[in-house]
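Worksheet for the structure shown next.
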Amino acid sequence: TVRDGSTQQWPLLGLLTAAERWGIQSPQNVIDNAYTTFRALQNGNGGIGYRNSGGYNSNRTGGLLISTALKGVEPKAAADGGNADEDAAHRAIQYLGSRWKHVVRGVSTANDNGPFGAFYSFYGVKKGLAVLGIDTLFTTSDLGVRDWYKDFSAWALGDYNLWAPDQILPTSAGGGTGYHTTSHYFGQRADGSWDSTDGYVYHQSMDTAH
């Protein structure tokens, strides 16, 4: 069986929207197949890998949350009585929180990267948490429980009032530094212009997007 934790998640957004907005239900075997794939790619730490449970990172972990919502599973820890599926979703959310400060500048495909640093992971995690109705999650021991939407907004817009400088400039898991600086935020620059990286090779200008 060939699995792909990257492309697997994006069609699910369309299926979820079709169900929520137009009442178009996907065949159960399609939902089950997508969900089973993500579960097979889940590492013991909760993160999702690419073609196996190794090489896990945040962007693919967002995909598990999306498939969880489509299947109608609510996150719940096994210690609190959750079944295997509910606990899998709970562990995925725990993984995302634990990587809150793992920023790899402009690299969405890096192993063990957090949700910030490139639009790929940023978007997937945002969608996953939103569709499950998650408002807050425990992150790192020094940051504690965070309002993820507030943090995502602060990161994209470069608002120092929402994130302290030492929190938005973490050392990355890859040994570099976060994408933010006082003159160049991920998303929006200090002068109001916008930039984007796709996480692979190209640096795509979005200077007209402000």
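The values are calculated or read from the model by the stated rules, or taken from the named source; none is laboratory data. Computed from a predicted structure; not experimentally measured. Accessible surface is based on the protein model in full, side chains and every heavy atom, while ligands, DNA and RNA are left aside. Shrake-Rupley method; radii C 1.70, N 1.55, O 1.52, S 1.80 Å.
Overview of results
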read-out	value
With all protein chains modelled, accessible area of residue 150 [1.4 Å, Å²]	100
Heavy-atom accessible area per residue - segment 1-120, 1.4 Å, Å²	43
